[in-house]
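Below: the structure, in structure tokens.
The values are calculated or read from the model by the stated rules, or taken from the named source; none is laboratory data. Owing to the predicted nature of the structure, the values given are computational and were not obtained by experimental measurement. Neighbour counts run over all protein chains shown; Cβ positions are idealised from the backbone, glycine included.
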């Protein structure tokens, strides 16, 4: 039971991180390879506010979200929108976006090392045990899981039951059809990219409460978010949640019964199997 609970606690934060990339790739058609660096930025913000001013990470969530939204909106408008305007096909846009955001990730890492140094950082927040079904778990991990689940649920409900959310889903399914019913696709794409970045930064705040981070660790989270998005199906929130559960529990099982050093290899093995046997993802549709 403790393995399952540990996997679930991990999968909650994975789901939140992947949600951000899914919005950016599924709606704005931008494969953002700097997604993990935005997570580290959120973690840095939580660390600085907590250690410097005693601000709780639970409050930092509400401070980071609007700042990250605006920052990602600027990135889209200044760096990525010109790529969208000139792209002659979706394939060309994805290629340009991958190269641009790959470079952006190095810029962000360099800026973080310049501003904060290359050392690891962490802080002690709710670092005491809590008993669940007879086993001890860190209270900070449990609180992080609850926050991640609440945010994922709120995002899912907003996307499926609000007018703005359904417009975003329409753009994700078919930008051309969305234009025909009067949806401003460029504006919604910018908002979806900005929202995805904000969700990722919030995930960084949450994950910093129990993990040690550094400026260069973002690439690891980018890869895991990418695995989850592809496994679940691009643009499918439900698939993202299920894929995050599979990855979190799978990594925990491998770490417990085989070797903790093989968790990343296990994640990539699942990724390769999905690409080979169900490339559209668990809930994606085969192209017609």
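Against the test of being closer than 28 Å to residue 41 by Cβ, touching a strand residue (DSSP E or B) at 6+ places or on another chain (Cβ under 9 Å) and touching a residue at least 24 places away in the same chain (Cβ under 8 Å), the options 142, 171, 149 yield a single qualifying residue, 142. Filtering 85, 72 for residues that are out of contact with any helix residue (DSSP H, G or I) (no Cβ under 8 Å at 6 or more places or on another chain) and in a helix (DSSP H, G or I) leaves a single hit, 85. Those helices (runs of 4 or more DSSP H) of region 123-242 in which at least 1 residues are modelled with pLDDT of 85 or more, considering only elements entirely within it, cover 139-161, 163-173, 185-207, 218-232. Within region 198-221, the set of residues being surrounded by 24 or more Cβ atoms within 10 Å (Cβ to Cβ) and either within 16 Å of residue 28 (Cα to Cα) or under 13 Å from the mean Cα position of the chain (by Cα) (or both) comprises 198, 199, 200, 201, 202, 203, 204, 205, 206, 207, 218, 221.
The conditions of being touching a residue at least 40 places away in the same chain (Cβ under 8 Å) and either under 18 Å from residue 196 (Cα atoms) or surrounded by fewer than 24 Cβ atoms within 10 Å (Cβ to Cβ) (or both) are not met by residue 59. The set of residues from region 102-131 being over 21 Å from residue 219 (Cα atoms) and surrounded by 14 or more Cβ atoms within 10 Å (Cβ to Cβ) comprises 123, 125, 126, 130.
Pairs linking a residue in region 125-139 that is at positive phi to a residue that is part of a strand (DSSP E or B) and surrounded by 13 or more Cβ atoms within 10 Å (Cβ to Cβ), with Cβ atoms under 9 Å and 6 or more positions apart or on different chains, are 126/138. Could we say that residue 92 is in a helix (DSSP H, G or I), at negative phi and either within 17 Å of the chain's Cα centre (by Cα) or buried (at least 18 other Cβ atoms within 10 Å of the Cβ) (or both) here? Spelling it out, it is not the case that residue 92 is in a helix (DSSP H, G or I), at negative phi and either within 17 Å of the chain's Cα centre (by Cα) or buried (at least 18 other Cβ atoms within 10 Å of the Cβ) (or both).
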